[in-house]
Amino acid sequence: MSNSLKNDLILLKELQDLDFQIIDANKKIDEVNGSHDFLKNRIDSCNFILSEIERLNVVDKISFENIKNLVKDQKFCFENFLDEEDSVAVCISKIEQLKQKFENKFSENAENVKSVSDEYGKLIEDLNSKRKNVVSILQPNFLKVYDRLFHTFEDKVVVTPLEDNICSHCHVRCCAQKAVDVLKFENIVFCENCGRILFVE
């Protein structure tokens, strides 16, 4: 039993490492998509402001204050890019220039988004394949414990080393009997303080 448990603990640690890599890869994809979405929202805001200026100018003569309020309503952090001396035409021109800058960055960013998505998408595929292999070898009851803890703990750390009778996750000293139990490899041993599975490397 001890050799089998030791192997399962090694597999649990490997599974955890793979899950962390998958999480990191997904975060990277989300980051580039988030920056791309930000630029798209800014372009949409510029389009909205320009169409509102046009609509309001037809109904009633639009003032600088109307334009500034439109820009403020769209939560632009650079609403001071307009000067009170600017005419409506100058304001429109500045907003169009700003929109063009966002469109240029959006186009440049599109290539980066595709490249990063492709690269990390492939990495996630490879990691999921490795994960599937580890899961197929692991005892089902250990996998259930791992999955339950993985979804319980916010930081997703399930398996952690015991070093000098100290849990390396919460840094609390375990009682001597716990340390002996970890070394016996007869049962899964949990940290009394943080609930992580303990093992010795």
Does at least one position in the range 126-139 carry a residue that is at positive phi and touching a helix residue (DSSP H, G or I) at 6+ places or on another chain (Cβ under 7 Å)? no
On the given criteria, is E192 more than 19 Å from the chain's Cα centre (by Cα) and within 20 Å of K28 (Cβ to Cβ)? no
So N187 clears everything in (1) within 22 Å of E14 (Cα to Cα); (2) within 30 Å of the chain's Cα centre (by Cα) except one condition, right? Which one? (2)
Of all the residues that make up the range 29-48, how many are exposed (fewer than 15 other Cβ atoms within 10 Å of the Cβ) and under 15 Å from L70 (Cβ atoms)? 3
Please go through the range 185-200 and pick out each residue that is in contact with a Leu (Cβ under 9 Å, 6 or more places away or on another chain) and at negative phi. E186, N187, I188, V189, F190, C191, R196, I197, L198, F199, V200
Checking the structure you have, find out if any residue of the range 8-23 is over 30 Å from V200 (Cβ atoms) and either of a type in the set (D, E) or in a helix (DSSP H, G or I) (or both). no
Kindly evaluate I67 against the criterion of being surrounded by 13 or more Cβ atoms within 10 Å (Cβ to Cβ) and in contact with a Ser or Thr (Cβ under 8 Å, 6 or more places away or on another chain). no
Among the residues of the range 25-66, what is the count of those that are modelled with pLDDT of 95 or more and more than 18 Å from N112 (Cβ to Cβ)? 0
Before we move on, is N69 of a type outside the set (A, V, I, L, M), modelled with pLDDT under 85, closer than 30 Å to V159 by Cβ and in a helix (DSSP H, G or I)? no
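The values are calculated or read from the model by the stated rules, or taken from the named source; none is laboratory data. In this text the structure is predicted, and so the values were computed from the model without any measurement. Every residue, glycine among them, receives a Cβ derived from its backbone with ideal geometry; neighbour counts consider all protein chains shown.
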